[in-house]
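First up is the structure itself, then whatever we jot down about it.
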Amino acid sequence: MKLFLALLFVAVAGVEFAKALKCYTCYEPTTSPNCLRVQNCTENETMCKTTMYSVEEVYPFVGVSTVTRMCASVCIPSDVDGIGLTRPVSCCYSDFCNVDGAASLRIGFVPVGILASSLCILFWTRM
């Protein structure tokens, strides 16, 4: 039984790692609703990056704003307290998380699978 649970743990953990990250991508500034092209990221691109643009001078933008979105291997997010930024950047780490300008907090399947497997193993070994 312990062998079965260990194999289940490896299978659940490996499923998510085998998939490439998927991000919305537009390399030229585009209005947010029109920037929905899906891209499979490469192995070293582990983040989705969004940069906001506007004709206005400071953030938050009240008029028409545009974005660039892409897969990234390096992404340095803007300081959340940065006042007057003209090109705020957000970074996120799960599939399609760059759908809006703000970084999304989403729970991936890997941590949930690892937690569930660990709890299963813990409870089964105590029986």
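Results, tabulated for the structure shown:
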read-out	value
Residue in region 22-41 that is in contact with a Leu (Cβ under 8 Å, 6 or more places away or on another chain), exposed (fewer than 13 other Cβ atoms within 10 Å of the Cβ) and either hydrophobic (A, V, I, L, M, F, W, C) or at pLDDT below 60 (or both) present	no
Neighbours by Cβ (under 9 Å, 6+ apart or cross-chain): first from region 75-96, among the charged types (D, E, K, R); second modelled with pLDDT under 85 and not in a strand (DSSP E or B)	ASP79/LEU85; ARG87/TYR59; ASP95/LYS19; ASP95/ARG106; ASP95/GLY108
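The values are calculated or read from the model by the stated rules, or taken from the named source; none is laboratory data. Keep in mind it's a predicted model, so treat the numbers as computed, not measured. As a convention, Cβ positions derive from the backbone with ideal geometry for all residues, glycine included, and neighbour counts pool all protein chains shown.
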